[in-house]
Amino acid sequence: MKAEIRVAGFGGQGVITFGYVLAQAASIHDEKYALMTQSYGPEARGGACRSDVIISDVSIDYPKLSKLNCFIAMSIDAYNQFKKMVKPGTVVILEEDLVHVPENELLEDVTYYNIPSVREAETLGNRLAANMVMLGAAQAVTKAVSEESLIESIKQRFSRYTELNIKALRRGIELGKQAMGEE
């Protein structure tokens, strides 16, 4: 099993934290091989950023994405910038309120899911938890890591807001399953 996941958006959305939690969950708690790389613009907030995570059952010999399995776009600019990497068979998860792709511009042979991560995080009390909602949706869709490993990684990563982030993760898992028609 090998999963190559890219999450992209703008600074302040928790894109780098998403990648860190995912890679830690895979490598430490699920005992898989995992690698995370990140890129962000010079702006502290609002600039483009992305996090790439590779998860594998065998050692990873190349640190860059070669066959993207899942692309998560938290902003329309991120979608437009990275959609060229999306090939047939890829799963694309879009932030429902921030990324609107006209139906005639959807890529062929690609599965799209829309997740209202910002809206759900606001419902939970803090829009900054949108990344954890989206991480939950990605877990439900890709099954690259276990829910339990993500919860343990969240507990280690966040000394404050642990419960909020776990609630956000679980809500994202529910939304991912609903989007796939499993609930």
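In the set Ala23, Ala48, Ala73, only one residue is closer than 24 Å to Asp97 by Cβ, at pLDDT 95 or above and within 18 Å of the chain's Cα centre (by Cα); that residue is Ala73.
Evaluated against (1) touching a Phe, Trp or Tyr at 6+ places or on another chain (Cβ under 6 Å); (2) in a loop (DSSP other than H, G, I, E, B); (3) crowded, with 19+ Cβ neighbours inside 10 Å, Ile60 falls short on exactly one condition, (3).
Annotation: of all residues in region 150-171 being without any contact (Cβ under 8 Å) to a residue 60 or more places away in the chain and among the aliphatic types (A, V, I, L, M), the one that is farthest from Ala130 (Cα to Cα) is Ile151. Considering (1) of a type in the set (Gly, Ala, Ser); (2) buried (at least 16 other Cβ atoms within 10 Å of the Cβ); (3) not in a helix (DSSP H, G or I), the lone condition that Ala129 does not fulfil carries the number (3).
The values are calculated or read from the model by the stated rules, or taken from the named source; none is laboratory data. This one's a predicted model, so the numbers in the text were calculated from it and none came from an experiment. When we count neighbours, we look across all protein chains shown, and the Cβ atoms used for this are built from the backbone with ideal geometry, even at glycine.
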